[in-house]
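Take a look at the structure below.
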Amino acid sequence: MRRALGEKWPLFVGPVFILLTWELLSRADVIRPTFFPPPTEILIRAGIIFDAGSGMGGDIIATLLRVLATIFFAVLIGVALGIAITASQWMERGTNTVLAFLYPIPGVLFFPFLTFLLGRTEMAIILTALVTPLIVMVLYTVAGVRSIDRTLLEVADNYGADGARRFFGILVPGALPSIVTGIRVSLGFTLIAVIAIEMVGASNGLGQFLWSNWQILRVTDMYVALLIIAVLGLLSSVGFDAVADRMLPWRRDVQGAQT
Amino acid sequence: MSVQAKAKVRLNDVAKKFPGQENVTALEGVSLEVAESEFVSIVGPSGCGKSTLLRLVAGLYEPSSGTVEIESSKPDRPKTAMVFQEHALFPWLSVRENVMFGPRNRNMPKKEAAEIADEQLARLGLARFGDFFPHQLSGGMKQRVGIARALAQDAEVLLMDEPLGALDAQTRTLLQEQILELRQQTKPTVLYITHAIDEAVFLSDRIVLMSARPGRIRDIVQLDFGPDRSPELRGTSEFAALSQDIWNHLRDEVQLAMAVDDR
Amino acid sequence: MSPSVYRGAQAWAIPIVLLAVWETSTRAGLLDPRFFPVLSDILVTAVDQLVNGRLGLDLVLTLQRLMMAFALAAVLGVAIGVASGRWRTVELLIRPITDTLYPLPKIALLPLFIIIFGRGEGAYVITAFATGFFQIIISTRGSVRDVPSDLIEAGRNFGATGTRFFTRLLFPAIAPGLLNGLRLGMATCLITLVAAEFVGAEYGLGAMIRRAGQQFAVEEVYAGIVLAGVLGLLINLAFRLVTPIVLPWQRPAQRAAGGQKV
Ligand SMILES: Nc1ncnc2c1ncn2[C@@H]1O[C@H](COP(=O)(O)OP(=O)(O)OP(=O)(O)O)[C@@H](O)[C@H]1O
Ligand SMILES: [Mg+2]
């Protein structure tokens, strides 16, 4: 244990060096503290998370709820749709073409259109955020179903699994490793979309907090928001991996079989 | 062709073509009857359509022409249960759940299905492993779970597609003996594919020799050892002579198949 | 029908039907034209705006920013990615930074970059760069790691050392993964760039869509979105055309498989 740590010392060099340099340069007025306040001050200022008056706690919750709602619908609709279209090659290939076109369009571009339709509502925000994660979930689910060993599908047929049993017993668990990867990718896109939409069109949320504090040049608060967004990003990637590995007890075997 | 008992499986002039760029004709003019409780092995060069034949019997493929019939003894009894070459266990189900898979699909209550599963697992010496996941088992154990899964189906016909193909020689010898025991205990009707001629001779009542693609039946060898043979059969000179004889029959076809592949 | 024609038909049947349904139902007035303009009108608007309006300028600006951001991201990303895939110390040094910044939505850094670089081009180029940069580091590192170690040992054994090791062994070995990473990197650059323009810029494709949205110019909004999609398709197409030139030894089937990776 100690030796492992001893070998891993370079892990701390980068962050410590950057933060220390930043702190010193800022304190020495080499970089302007108005724009680059020392990290320690940002950390102290992070106390506003728990301060009812600043409203930041509410912004964090608003962003979290939007992210969770979006990913929930993306997974639910994306998996169902993804599995359904694998039933027909025409559906699958056709959908693929459509999604290949839509995928590289940033979801936030649909915000004006959806606000025409729905006004500046939560509904418009979540539907906009949903665009890219939904595409991702469909693509990964289709890939997951395609990756199921053909023989396992023959077992399902030969042993009489049809309808719901085939769907929930074979297709969903068979595609699950790919679906889980899809959820990880979708979480990243959801966070991007929600923050971007909040920056331009919401009355609360971390993105709105970030953007409005920057506009009135309350820079320290902007950094606090950035810090929290970074933490959310870490949770959505590294944190998600830790949870996902526990969720699939057979995953090792599946991955082993694929490599 | 001898017909001792009622025919359980009847293939009538079956052909199977796979349309596509190459238009493969996998099987042509195959007619075969398998009697109740008979153990029939199919040997033939790689790619001659053995697996295709089994999948036709399982109803996984439709024949391009001809008919496949399976005699039902009870209306609800599954017609076929297949054992696959690469075990084909569901990695996300425990060993017991894998064996319960067929009965559960027929809406058998969980408890009853679990009892059947445990019984079959015990029969194959896997009683302790019901709660394991497949990735925690060795290759031979996985293959036995695959066999237990098929037995739990209690189907009219047991279909085995090179069930021991992926195993090492010792495990394979051991499992051959377990399959022989199974034959003696439950008297199933079996269609068995193998590449190993000695395995076919050791286990079967009849051996079907197939020709290179398009697969046709070239010859059928009747064996008279009866179901109550013992493992010592392998050591007899009769056994060796028969195996050699069958190989002599097959050699040309295997060479032909390789020549086709080389083109 | 030959298999490839059949595949093509399968790929395009649904898109064409969708477009036809859109065109006819909007022409017939079944959908509210304030929200769903006629398809051909959108295309006419797009062309008109490109030729006569400001859209042409916006597009050129976006492409300029994209090229700068991508060029920078590709050079730095590949260099750092290869280094961290090859040397454990480098990997440990940059790991905490990539782990933290890769999942951070780069659009959130836009205000910070505006503070640093001012309201000019720099902020948008850097925001887009940051996205592609981390994407390319991570996929390059992955490709370097995936090179079978016996291939490396065999190469060493036959005297591929020094620069020769990189030019004759490592780069050919990682080339397919590298190209796929660059493709993804360029696509993510584009996505972030247009989003950043949408949020904060005065000019550029994203900014044009925001403007049009504020003026309720629905056709222009659609035209902008279509153009963004076309740009994405062009990136994929460009990489598909370049791949056989750069990787002549790869078989077409492998190439197709590599290209399909999401
Ligand atoms: N689903 C399919 N689609 C197209 N061609 C197929 C399909 N299944 C089998 N074939 C072709 O049919 C021929 C016979 O295949 P099959 O798998 O039945 O051979 P086999 O005798 O089981 O070979 P092996 O001993 O190697 O398992 C082969 O040429 C194969 O390529
Ligand atoms: Mg076979």
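The values are calculated or read from the model by the stated rules, or taken from the named source; none is laboratory data. Note that this is a predicted model, so its numbers are computed, not measured. Note: ideal-geometry Cβ built from the backbone for every residue, glycine included; neighbour counts use all protein chains shown. Just the protein is used for accessible areas: all its heavy atoms, side chains included, with ligands, DNA and RNA removed. Shrake-Rupley method; radii C 1.70, N 1.55, O 1.52, S 1.80 Å.
Observations on the model:
- Listed peptides B:24-37, A:231-244 appear in the order B:24-37, A:231-244 once ranked by packing, highest mean of other Cβ atoms within 10 Å at the front.
- Paramagnetic reach from A:PHE116 in segment C:201-239 [backbone N under 17 Å; point 7 Å along Cα→Cβ]: C:206-229
- Within the listed set A:GLY78, A:GLY188, A:GLY163, the Gaussian network model of chain A (springs between alpha-carbon atoms below 10 Å) gives the highest mean-square fluctuation for A:GLY163.
- Heavy-atom accessible area with a 1.4 Å probe sorts B:ASP161, C:ASP41, largest first, into C:ASP41, B:ASP161.
- Global form of segment A:57-128, assessed from the alpha-carbon gyration tensor, a/c cut-off 1.5: prolate
- At the residue level, A:ARG66 shows approximately 10 square angstrom of accessible surface with a 1.4 angstrom probe and all protein chains present.
- For the set A:TRP214, A:TRP9, C:TRP87, B:TRP247, the ranking by accessible area, highest first and with no ligand, DNA or RNA atoms included, is A:TRP9, C:TRP87, B:TRP247, A:TRP214 under a 1.4 Å probe.
- Sorting A:ARG120, C:ARG95 on solvent-accessible area from highest to lowest, probe radius 1.4 Å, gives A:ARG120, C:ARG95.
- Inter-probe distance in nm under a simple model that places probes 7 Å from Cα toward Cβ, at A:THR181 and B:ALA259: 4.5 nm
- Folded to 0 to 90 degrees: helix B:110-123 orientation relative to chain B principal axis, Cα: 60 degrees
- Straight-distance candidates among the lysines for linking to C:LYS106, with alpha-carbon spacing under 26 Å and chain neighbours fewer than 8 residues away dropped: C:LYS261.
- To the nearest 10, the accessible area of B:GLU232 is 130 Å² with a 1.4 Å probe.
- Chain C: most fluctuating residue of C:MET208, C:MET68, C:MET186 per GNM, C-alpha cutoff 10 Å: C:MET68
- Of the DSSP H helices in chain A, those whose Cα atoms cover at least 24 Å axially and whose Kyte score averages 1.6 or more: A:56-85, A:122-147, A:172-201
- Global geometry of chain A, whether rounded, prolate or oblate, following the gyration tensor of its Cα atoms and the 1.5 cut on a/c: oblate
- Gyration tensor verdict on chain C (Cα atoms; rounded if a/c is under 1.5, prolate if a/b is larger than b/c, oblate otherwise): oblate
- Counting only heavy atoms of the protein chains and using a 1.4 Å probe, C:ARG86 has close to 70 Å² of accessible surface.
- For B:LYS17, a cut-off of 16 angstrom between C-alpha atoms picks up these aspartates and glutamates, skipping any fewer than 8 places away in its own chain: B:GLU28, B:GLU62.
- Straight-distance crosslink candidates among lysines, where the alpha carbon sits under 27 Å from B:LYS74 and sequence neighbours closer than 8 are dropped: B:LYS6, B:LYS8, B:LYS110, B:LYS111, B:LYS187
- Mean Kyte hydropathy of 1.0 or more with a Cα span along the axis of at least 24 Å, helices from DSSP in chain C: C:55-86, C:171-200, C:218-246
- Dimensions of chain B along the principal axes, based on C-alpha atoms and rounded to the nearest Å, stand at 51, 45, 39, largest first.
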